[in-house]
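As structure tokens, the structure follows; a few thoughts come after it.
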Amino acid sequence: MSKSRVSARTLRTLALLLSGLSSQALMAQTATETAAPNDQEIVVTAQKRSERLQDVPISVSAIGGDAVRKQRLSSADDLVSKVANLQLTSTVGDGTPIFALRGVSMSDYSLNQSGPVATYYDEVYKGNFAFLGVALYDLERVEVLRGPQGTLYGKNTTGGAVNLISRKPEIGKTEGYLNLGYGNYNRREANGAINVPLGQTLAARLAFTVARADGWFKNQLPGKPDLNGTREYALRGSLLWEPRDGVSFLLRASTSYQNPYNYGIYGAPGPDGVGAGLYESLGQGTSYFRSGLGRREIESEYTPRRRARTYAVSLTSTFDIGNDLSIVSVSSWDKGRLNFGEDTDGAPNKALEIFYGDRATQISQDLRLASNWGGPFDFILGAYYNREKVFNTTDFGIFKDADIDGNGTIDAADCAAGLPAACSVVNRFDQLKHSYALYSDLHYDFGGGFTLRGGLRFTRDDGSQTGLTSNAVGADGVLVAALIPPTDLRFKTNNLSGKIGLDYKVDRDTRSTPTTAAVIAPAASTRRPSSIRPKPRSPSPRRSTPSKVAPSCSSPIAGSP
């Protein structure tokens, strides 16, 4: 981009004039690539084609794989420090971000939900938290697209997309690398990859990462472990076969596992402490006021490990069918499991403890036809299918150490007398969702720097939530009350949406793209496990899992799922 005052002033004037053509002005893309020299062109596939970043008429940031490695970005959570306007909340722990772009996000911690800013691994949509796993290792690049992407991606995304693109095997090349590291909190990590040719048309690549670190949230209760540790590994194998020019098959298989002691909660007692005077009223001790502790010290008695396991297989097939047309097929299967408990009160008593459980599987198929004519007109036509099956459960333990009836035993009778105190509120359900879509994206170059861009999309989503129950259970496991009757829910939506925009290219590296788009959010369940919600977390040291801030637990009330 020219540094002269004249060209900068001209660019601002043209952008303001063109922005009057529509109600939404999406300005020129922002590039984030700290590892690349100034004269090095960055190539991205944000529009499903290999293009210079400067030529992409949408707002996109790119980080090269070398930059990811040199800046030690090991989790998707780390991207927010490198990409402008990208934010996240992480109410269910490290590695499970809810991204926000331009203020578009999701205010929900339920593990069955999917955010409006989608995460893609090698063009495969990962909607459920259980699929995310350990993400940032042996990457070619990361691309972050802002705004609706429904005409380019099979799975509709209204807020944007975060694309994680791994390095693929290279035919005819033998190479590899190994990185070892040691850091504070006794952090030990290793990651590496090896690329091996298997003949003239075949190559394989194997990549891994492993890390362990002690918890930085020091637990002051005797015999209890420190929290916010790291204990994870991931492995990915890739096989590339190019039997002839214009035909390729890329098979990827990966797995990851995490089982550290979970994040800690920074207890923030209210005026009456964590317990709100309940223990005093029963003559059973006192509420908790967190006294005599440092900022990174905790007294937590509920310290389970966080366990997250993922499996994923995908096949990307590319066929050149002549006349500068190509067909790309992306087929995938994912399976994940995420189980963890949090000491939500951040205290040594049992005012509020929550267990989350999530099991999910999905299959998806994306098929698209794209032109590469190099003339004024090019297009993409695609069809998409996704099937996601989820089992979700939560267990809200509320004052489970309170002997409500005073007989010296904490059991179902205490739950019946103090509901919801002395109870576990257990919610669970099965969820099945299908998504179907036909989408198109096209552009026509009029010359003189003007290009008309547009697209159309038809989406059909349907789903069901079955076996939904919410029960109050005593500390001894005995059912006390059904808070809502067993419920089955179903939904179905159809939508036709699209976009149109005019792109004006000032020079080789400068453009403005006013765009008007009509979009619809992906269908999602609005049922939640409970109305009791953790508050945002407190700041945490770099390279460690953040802590949360606990609610004061003044008078927890069980809500319907």
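The values are calculated or read from the model by the stated rules, or taken from the named source; none is laboratory data. Remember, predicted model here, so these are calculated numbers, not experimental data. As a convention, Cβ positions derive from the backbone with ideal geometry for all residues, glycine included, and neighbour counts pool all protein chains shown. For the accessible areas, the whole protein counts, side chains as well, though only heavy atoms, and no ligand, DNA or RNA atoms are used. Shrake-Rupley method; radii C 1.70, N 1.55, O 1.52, S 1.80 Å.
Things worth noting here:
- Anchor LYS505: aspartates and glutamates whose Cα lies under 16 Å away (excluding residues fewer than 8 positions away in-chain): GLU51, ASP55, ASP445
- Antiparallel content of DSSP bridges confined to the stretch 62-207, in %, to 5: 85 percent
- LYS335, LYS70, ranked by accessible area, largest first (probe 1.4 Å): LYS70, LYS335
- The stretch 96-229: C-alpha gyration tensor shape, a/c 1.5 cut-off, then a/b vs b/c: oblate
- Among the listed pairs LYS433/LYS499; LYS155/LYS492; LYS82/LYS335, those beyond 18 Å (Cα-Cα): LYS433/LYS499; LYS82/LYS335
- Tensor-based shape of the stretch 312-440 (alpha-carbon gyration tensor, a/c under 1.5 rounded, otherwise prolate or oblate): prolate
- Net charge over other residues, Cβ less than 11 angstrom from the Cβ of VAL274 (K, R count +1; D, E count -1): -2
- Other residues whose C-beta falls under 12 angstrom from the C-beta of LEU221 contribute a net charge of -3, scoring Lys and Arg +1 and Asp and Glu -1.
- For the stretch 292-445, carbon and sulfur atoms together expose 55% of the accessible surface, with a 1.4 angstrom probe and every protein chain in place.
- Karplus-derived HN-Hα couplings along the stretch 98-104 (A = 6.51, B = -1.76, C = 1.60, θ = phi - 60°), whole Hz, x at Gly and Pro: 9, 6, 9, 10, 6, x, 8
- Peptides ranked, highest mean first, by Cβ atoms within 10 Å: ranges 337-343, 326-332: 337-343, 326-332
- Of the peptides 76-85, 426-435, 442-451, the ranking by mean beta-carbon count within 10 Å, highest at the top, reads 426-435, 76-85, 442-451.
- Alpha-carbon Rg/Rh ratio, for the stretch 269-322, with Rh computed the Kirkwood way: 1.54
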